[in-house]
Amino acid sequence: MATTTDDKREDVNTQQKDNSPSSAGSKSGKKSEMPPKKQINQVYGRTFLRELLTETIIGMIFWSVFQELIPAIALKVVKHHQTEYFVVSAVWFSPVLFILPGLPRFFQSSFGLLLLRLVMIGSLASVQAPTPEMRLILLAVGNFAAILLLVSTWWHKSCHQRSTSFWGVVLGFVGVITLKIWYVSINPMWESSTSNSVFIALGVLAALDRFSTVEYPLPEFKAHPEFASHWIIMGGGFGSLMFFTQWLFGDPSILCRWGVQGFPATGPHPFPAGVAVFVELMSGILLSTNQKLATNFLWVWFVGGHMTIGVYYLWGFLTFACGLILAPFMMSSWTEVADRVTSCPPVPTMMLAMAVYVAEVYFSIATVIPGLPYGFLFNGRGIWIVAPGILLVGRCLLKGAFREPEKPGNTHMAFCNLDGTGCFQMFADAKIYTIIILLLGAGGYAKQHLTHSMDRPAPKNPQTFTGLVWNSQFMLDNDGMLSHNRIADFLSHADADVIALVQSDSSKLFLGNRDTSLWLSRKLGLFDDFGPASTFHTTGVSLLSKYPIVSSDHHIVNSTESHWVPVLTATLNISSNLLDVVVAHFPQQRSTMDRRYQIEFITNFTRRSPNPVLFLSSLSCEPVSGDYRRLKTFGKLKDIDPLDEDRFIFSIMYKNLIRLGFARVSQAGLSNDEAQMAKFQFTSVKSYKDNEHVTIETSDVDKSVLFPESFGGYLEGLYSKGKDHRYQMGTPRYFISHGEGPE
């Protein structure tokens, strides 16, 4: 007759009682005169592979739901300056419900855990919600359940439930990173309705499997009293560890962008340098069995502390090297921090942890967006977050002695003797999945290498090229949804040779930890440069090009009252012609002195440039303003169309080029701003005559000069119908010399 798992668990408990001295005495009815026999601990080895697999799937969904709420809130703040949406973050304080009698027992029951898991998994469907408001509500409900689930499992009385849930969270984090490697910095759970539905189905199956799996009540977790008395330190450290792990390592490309200073050799590119980041994160998991290392003073302060400061203050490959050392420190700290924090009372500890986390997220936004309340204190000063954060993590690790997992009676959160075979049996199975995830990540990078191609047909006219400037809005559309595929389709149809994107640094935690420049360059087969480095806390600019980037420099133009201005200057080799490109993102004017200094910085570069210059930037001012006049007068630049005075955000200007055409394309719900395109021709003589006459007739110009027909034809006024791109505002227009026509 087959024996069920419940029968085995009952047999184990019965045999343990029968072998105890009290049981022997009760059977004989009197105290035994025989000397006590040496007690033999019975071993009932079992595998944890199935439980870890389902918990890893649930952990991946936990991190996806948890991380996605921040961009949903931040977009409202960044785009609409609606700071009241920060109130939504109150859902992370759901552990306060544990103070109500009966609720902890319900949430920690099999049915309660199933309910919390299904609610969290169901919130993935928010990507298919019809309105942004409904999506935010679904994400908020999912996060409410996610944090309750974390508390219910991590503070469960069963060590078996605690350990499986903990390793599910850790493996789930690197599992999400692996997915983003395969999808090039995009989490497929939010990528499309199809992939979203697949992960919902996987999550439901995992939740049902955990519901049907037997939970072993023994051994029960025994809190460390020394840790419990220091719950403030432990809670603060755990909140900071959650923030730092996502802030710096939520995607392998983040560290590569953190200190990059230009091209070609002033910092690593996310491909292939991201491979090293991923390997170091995985090695940190393997190092986590060494509690002596995790709580060693030199390891915590000289590796954790100094490397964190190095990541922030150094640049280029030095920043990258510090980050590679910091990565295993962060991941190896999770086992010890989790054991310490779960020895503390759940409600005040997690409430404090989430308060620290929310504060650090808020001020990380304030480093970029100075308009937030008290944000001016942190504008461009990320060290005010870095220093206190790593201090909290260090204090948490060094407060009190660590618990030795092998010591009898110790029930470590991650390393507990669950089946009598030793305290590292759960980790042995987790290590198998760690290696599998590592191999899958390597396969993702191999796929990127094999599928990325820079081959393209030779241009019809190598002496002409097209420039485009646009606001990519962090790859989030006006409804807050991922817009990467639609942006790629638009840029592909535009067929521009040089593309400048502003608001492109979405590698920040509050913008989803996505690398806009990397994804578009891989998707479209373009050369890319991103800057300035993320450590400067700007909204970022990117340059994409069909032609090789010879060199580039990243600049930060300081500001006293507004955003720091990110500027990228690069030299391209277009069919053996050198072209200097300037990409900048100026905020709306707040200080006259700031703006004059910023414009002066640009004019110094363009005036002294020995090569033809293409200026693709967001000026946020009208063409009749003094800024335009200074750029033209002192920067020796020409406006692409001086007669078009109905422009405000973007500007296309040039030097030592012949203009051929100009077009304005509707934003199609992807951004607040239209895109602008311009066609130019190189000239080989110093004394040349620019095209001065304007025509809207396509028959007046050669076919090779025409803009793509994908966006329709000439259109007066603003196009605001639907989500398709169309020419607008009296474009496209073409520039010809007097009497010129097609051959």
So if each residue of separation counts as 0.36 nm, and I subtract the Cα-Cα distance between residue 455 and residue 391, what length gain in nm does that give?
18.1 nm
Roughly how tilted is helix 316-341, in degrees to the nearest 10 and between 0 and 90, from the longest Cα axis of the chain?
30
Contact order normalised by residue count of the chain, Cα under 8 Å, 6+ apart, percent:
12
Label-point separation, residue 672 to residue 301 (7 Å along Cα→Cβ), nm
4.6
Mind giving me the nanometre distance, one decimal, between the label points for residue 100 and residue 646, set 7 Å out from Cα along Cα→Cβ?
5.7
Ranked by how many other beta carbons lie within 10 Å on average, peptides 535-544, 239-248, 351-360 from highest
535-544, 239-248, 351-360
Looking at the chain only, what percent of DSSP beta bridges run antiparallel? Nearest 5 please.
85
Taking the Cα of residue 47, stepping 7 Å toward and past its beta carbon, and measuring to each backbone N in the range 428-449: which are under 20 Å?
428-440
Where a ≥ b ≥ c are root eigenvalues of the Cα gyration tensor, a/c under 1.5 meaning rounded, otherwise prolate if a/b exceeds b/c and oblate otherwise, the range 196-298 counts as oblate
Would you be so kind as to identify which of 266, 223, 255 lies farthest towards the positive end of the dipole of the range 196-338, taking Lys and Arg as +1 and Asp and Glu as -1 on Cβ and the Cα centre as origin?
266
Once both axes come from the Cα atoms, what is the angle between helix 132-154 and the longest principal axis of the chain, in degrees from 0 to 90, rounded to 10?
30
Accessible solvent surface per residue of the range 190-319, calculated while the other protein chains remain in place, 1.4 angstrom probe, Å²:
39
Cα long-axis angle, helix 270-287 against the chain (0 to 90 degrees, to the nearest 10)
10
So what is the calculated 222 nm ellipticity per residue for the chain, using -39500 (n - 2.57) for each DSSP H run with n of 4 or more, over all residues, to the nearest 500 deg cm²/dmol?
-15000 deg cm²/dmol
To the nearest 10 Å², what's residue 258's accessible area with a 1.4 Å probe?
10
For the pair residue 431 and residue 611, what calculated FRET efficiency results from E = 1/(1 + (r/R0)^6), where r is the Cβ-Cβ distance and R0 = 56 Å, to the nearest 0.05?
0.50
Taking a ≥ b ≥ c as the square roots of the eigenvalues of the Cα gyration tensor, with a/c under 1.5 meaning rounded and otherwise prolate when a/b exceeds b/c and oblate if not, the range 429-534 is oblate
Show the residues, 5+ positions off or on another chain, whose built amide H is closer than 5 Å to the amide H of residue 269.
none
Taking the Cα centre of the range 194-310 as origin, sum charge times position over the Cβ atoms of Lys and Arg (+1) and Asp and Glu (-1), and report the length of that vector in debye to the nearest 20.
200
Bin width 10 Å, origin at 0, all Cα-Cα pairs of the chain: what percent of pairs per bin?
3, 14, 23, 23, 16, 10, 7, 3, 2, 1, 0, 0, 0
Taking a ≥ b ≥ c as the square roots of the eigenvalues of the Cα gyration tensor, with a/c under 1.5 meaning rounded and otherwise prolate when a/b exceeds b/c and oblate if not, the range 134-190 is oblate
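The values are calculated or read from the model by the stated rules, or taken from the named source; none is laboratory data. Just so we're clear, the structure is a prediction, and the values are computed from it rather than from any experiment. Quick reminder, even Gly has a Cβ in these numbers, built from the backbone with ideal geometry, and neighbours come from all protein chains shown. For accessibility, only protein heavy atoms count, side chains too; no ligands or nucleic acids. Shrake-Rupley method; radii C 1.70, N 1.55, O 1.52, S 1.80 Å.
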